[in-house]
Amino acid sequence: MDLNEIKDKRIAVLLSGGVDSAVVVYELVRQGVKPDCFYIRIGPEDTGGADEQWDCSSEEDIEMATAIARRYDCRLEVVDCHREYWDQVTRYTMEKVKAGLTPNPDVMCNRLIKFGAFDEKRGHDYDLIATGHYAQTEWIDGQKWLTTSPDPIKDQTDFLAQIYPWQLQKALFPIGHMRKEEVREIAEREHLVNAHRKDSQGICFLGKLNYNDYVRRYLGEKPGPVVELETGRILGEHRGLWFHTIGQRKGLGLGGGPWNVIKKDMESNTLYVTHGYEPIKVFKDEFFIHGIHQLTPCTLPRDITFKIRHTPDWHHATLEPTGEGDRYRVHSEAIIQGVAPGQFCVLYDSDYHRCFGSAEITL
């Protein structure tokens with residue numbers, strides 16, 4: 001974190017109740033800055049209070065955030081983005097799922113809520129919005145870039161690769177230069193109330209609800225055949241294509257496995273699977289992307305690295321325009337498992353350092 005970047009700046013911290021954002025507050029206060037803290041309340045559409053499992057704005061989260069703000073004598077405000085989250089993020093998720101695609105709601109949450117709806121409601125009063133993401137920013141040749149964290153397991157640049165350029169200008173990641181174990185050590189040393197709290201898992205708006213139950217609530221079920229790709233043999237019945245993803249190997253309920261989901265035919269409502277632990281048919285070394293969203297304006301190079309899911313793994317590839325509008329071909333040096341339409345392909349420079357942005361995978 002560059003001290004010149006935060007000097008004399010009005011800073012808002014998004015406190016989640018977790019250890020990462022708590023250490024963000026500690027780091028800023030240690031540098032002589034007293035930020036204002038905000039807890040963003042989100043969730044699915046209104047259920048009339050009938051089912052507590054749909055409430056992801058946990059009372060424990062708010063208690064933790066309150067304790068951290070009080071510890072450092074910072075103001076805490078709860079900002080309700082419940083409706084915005086449903087109208088934008090969950091609607092995006094359901095529309096993509098219904099179309100047979102593989103969405104990433106956490107990516108869109110950063111763009112539409114944390115740096116979007118929050119900015120419209122309260123963030124516009126601040127110069128910088130600080131979060132506990134494991135990512136960094138750097139000024140290179142007069143331009144601000146999103147760059148990777150030194151912690152390959154926790155690096156979250158892939159979740160930030162759809163924010164707008166103006167949002168990147170306001171973004172501040174005070175712990176982005178640290179590894180997770182360093183953050184835990186600081187929290188323990190400072191006796192922070194959430195020092196040993198587990199990291200959140202899964203999609204934040206679901207609360208305690210199972211993902212398939214959530215999808216079922218809004219899209220229902222649409223049974224159809226499960227077919228072996230090679231033989232055309234019907235193996236069973238699925239309850240809806242939206243409950244399955246390309247590359248899926250568990251939860252298919254088929255005997256004689258293992259089986260891998262390899263294709264979803266929306267027109268015939270057919271789920272195609274193939275046999276084996278790692279069948280070559282579920283791997284690709286070439287795929288197409290469209291609608292490249294760039295964080296920092298530049299001419300994209302031919303040699304890149306990329307990720308298609310949140311893992312420590314990244315891959316070398318070449319990026320080539322197809323001549324068909326904004327459609328590009330990604331040719332990977334290694335074969336990749338589970339490439340699915342609708343996923344975001346996150347693009348980096350050849351050193352896996354600067355993040356260019358991301359684009360949606362297409363057929």
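In order along region 121-128, the Karplus-derived 3J(HN,Hα) couplings, from 6.51 cos²θ - 1.76 cosθ + 1.60 at θ = phi - 60°, round to 7, 9, x, 5, 7, 10, 7, 9 Hz, and Gly and Pro are given as x.
Report the GluC sites (Glu not before Pro) located in region 260-363 that are in a DSSP loop and have at most 15 other Cβ atoms inside 10 Å of their Cβ, or state none. Those satisfying the criteria are 267, 324. Residue-wise HN-Hα couplings along region 236-245, as the Karplus relation 6.51 cos²θ - 1.76 cosθ + 1.60 with θ = phi - 60° gives them from phi, are x, 10, 9, 9, x, 4, 6, 8, 10, 10 Hz; Gly and Pro carry x. Comparing 266, 178, 64 in a Gaussian network model of the chain where C-alpha atoms under 10 Å apart are linked, the largest mean-square fluctuation is found at 266.
Quick one: net charge of residue 234's neighbours, Cβ under 14 Å, K/R +1, D/E -1? Net charge around residue 234: -3. Where the alpha-carbon atoms of region 115-257 are placed on the principal axes, they occupy 58, 36, 31 Å, in descending order. Partner aspartates and glutamates whose Cα lies under 20 Å from the Cα of residue 7, excluding those fewer than 8 positions away in the same chain, are identified as 27, 36, 73, 125, 127, 138.
A probe of 1.4 angstrom, applied to the heavy atoms of all protein chains, finds residue 16 with accessible area near 60 square angstrom.
Take every pair of alpha-carbon atoms less than 8 Å apart whose residues are at least six positions apart; their mean separation over the length of the chain yields a relative contact order of 16 percent. Pairs spanning more than 21 Å between alpha-carbon atoms, out of 222/263; 114/144; 180/250: 180/250. A simple count of charges around residue 355, restricted to other residues whose Cβ falls under 13 Å of its Cβ and scoring Lys, Arg +1 and Asp, Glu -1, yields -2. Over region 103-190, the ratio between the Cα radius of gyration and 2.2 N^0.38 Å evaluates to 1.12.
The candidate values were (1) 5, 22, 30, 25, 14, 4, 0; (2) 5, 24, 30, 21, 14, 5, 0; (3) 5, 25, 34, 25, 9, 1, 0; the one computed from these coordinates for P(r) over Cα pairs in 10 Å bins from 0, in percent carries the label (1).
The accessible surface of region 141-267, taken with every protein chain in place and a 1.4 Å probe, is 49 percent carbon and sulfur. With both residues required to sit in the chain, DSSP beta bridges show an antiparallel share near 75%. The amide H of residue 287, built 1.01 Å from its N in the peptide plane, has 330, 332 as neighbours under 5 Å, considering only residues 5 or more places off or on other chains. When the Cα convex hull of region 320-363 is projected onto planes of every orientation, the mean area is 3.6 nm². Accessible area per residue for region 268-357, computed on protein heavy atoms with a 1.4 Å probe, is 46 Å².
Once the cut-off is 13 Å, how many percent of the Cα-Cα pairs in region 56-124 end up in the long-distance tail? That fraction is 71 percent. Taken along its principal axes, the alpha carbon cloud of region 245-344 reaches lengths of 51, 32, 20 Å, longest axis first. Ranked from largest, the principal axis spans of the Cα set of region 286-363 equal 28, 28, 19 Å. With a cut-off of 12 Å between beta carbons, the residues surrounding residue 331 carry a summed charge of -2, where Lys and Arg count +1 and Asp and Glu -1.
The values are calculated or read from the model by the stated rules, or taken from the named source; none is laboratory data. Please read these numbers as outputs of a predicted model, since none were measured by experiment. Neighbour counts are summed over all protein chains in view; Cβ atoms, including those assigned to glycine, are modelled from backbone coordinates with ideal geometry. Keep in mind that these areas ignore ligands, DNA and RNA; they rest on the heavy atoms of the full protein, side chains included. Shrake-Rupley method; radii C 1.70, N 1.55, O 1.52, S 1.80 Å.
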